[in-house]
Amino acid sequence: MKKVWNNFNKYRFLLGELVKKDIKLKYRRSYLGIIWTLLEPLLTTAVLTFVFSGLYEKGGATFPVYILTGRLMYTFFSNSTKAAMKSIRSNSAMIKKVYVPKYIYPLSSILSNFVIFLISLIILIAATFVFKVPITIYILQVFVPLFLVLVLSMGLGMILATMAVFFRDLEYLWGVVLMLVMYTSAIFYEITNPKFADKVWLLQINPLYNIIVNFRDAVFGVPLNQDALIISIAYSFGTLFIGVLLFYKQQDKFILNI
């Protein structure tokens, strides 16, 4: 463990530089730049609120905040895992020329997206004031789901980065999986509706759903759902363990396939 930490400590400056590079490349040649990080979730939430609250008469006065909490979490999960999946192949030239711990590449992809995600939370903070969501002591719990979604994304990112080296079509398959994740994350509908009573099991097998549940609980000022917390901890750290194990087992074969 000490050897791993010393190795990570040795390359932490490079990790920071790669994170900065990823953020700069994401907004290169963009007129709005980092402002788009705030504008995109705002516009998406406005459209979803209009469709589900206006046309279908769903939700209440705080429904936009309900949508925004789920949308922000899903966007980070989606963007970070897709970026991590491509990280080894997109850095193949550097991997072939210079020795750098290979986990640095998917890790930097995830962390750069996490920084952007944290910036986008400014919109959520503003929305809680605009739509008069009460701020309580339970808001401090928000760090728990934020940490768990980061751990989950790291685990899945490691798995996807490894598999994408050997299976090039994974990029397209993961896009389909993400669509399924989105529709089973209760982003724009409430599961309190009786029609969803017999479909809760489908949501429970979605690793992101329980994290979103507790993120919403913290924002709306209620204690964390203990069942959702236990499930999300098991999913997040279980996925991280599998991801790290798989990555380290296969990383020496990357050079032959990139």
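The values are calculated or read from the model by the stated rules, or taken from the named source; none is laboratory data. In this text, all values refer to a predicted model and were calculated from it rather than measured experimentally. We place every Cβ from the backbone using ideal geometry, glycine too, and count neighbours over all the protein chains shown.
Looking across the stretch 141-186 at every residue that is of a type in the set (Ser, Thr, Tyr) and surrounded by fewer than 19 Cβ atoms within 10 Å (Cβ to Cβ), the one that is farthest from Val222 (Cα to Cα) is identified as Tyr172. If I filter the stretch 110-129 down to residues being free of Cβ contacts under 8 Å to residues at least 40 places away in the same chain and among the aliphatic types (A, V, I, L, M), which single residue comes out as farthest from Ser232 (Cα to Cα)? Ranking the qualifying residues of the stretch 110-129, first place goes to Ala126. In the set (1) buried (at least 18 other Cβ atoms within 10 Å of the Cβ); (2) over 25 Å from Thr136 (Cβ atoms), the condition left unmet by Val200 is number (1). Out of curiosity, is Thr192 at pLDDT below 90, surrounded by 12 or more Cβ atoms within 10 Å (Cβ to Cβ), polar (S, T, N, Q) and out of contact with any Leu (no Cβ under 8 Å at 6 or more places or on another chain)? So Thr192 does not fit the description; no.
Every residue, every condition in (1) farther than 24 Å from Arg12 by Cα; (2) in a helix (DSSP H, G or I); (3) touching a helix residue (DSSP H, G or I) at 6+ places or on another chain (Cβ under 9 Å); (4) of a type in the set (Val, Ile, Thr), yes or no:
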position	(1), (2), (3), (4)
Ser108	no, yes, yes, no
Ile119	no, yes, yes, yes
Ala127	yes, yes, yes, no
Gln141	yes, yes, yes, no
Pro145	yes, yes, yes, no
Leu152	no, yes, yes, no
Gly157	no, yes, yes, no
Ala164	yes, yes, yes, no
Val181	yes, yes, yes, yes
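Assigned to a helix (DSSP H, G or I) and of a type in the set (D, E, K, R): does that describe Lys132? Answer is no for this residue. Within the set Gly60, Gly54, the sole residue that is modelled with pLDDT of 65 or more and either over 23 Å from Ser108 (Cβ atoms) or surrounded by 13 or more Cβ atoms within 10 Å (Cβ to Cβ) (or both) turns out to be Gly60.
Give me the residue from the stretch 204-258 that is of a type in the set (Lys, Arg) and over 18 Å from the mean Cα position of the chain (by Cα) and, out of that set, surrounded by the fewest Cβ atoms within 10 Å (Cβ to Cβ). Within the stretch 204-258, the match that is surrounded by the fewest Cβ atoms within 10 Å (Cβ to Cβ) is Lys249. Within the stretch 87-101, the set of residues being in contact (Cβ under 8 Å) with a residue 60 or more places away in the chain, charged (D, E, K, R) and surrounded by fewer than 17 Cβ atoms within 10 Å (Cβ to Cβ) comprises Lys96 only.
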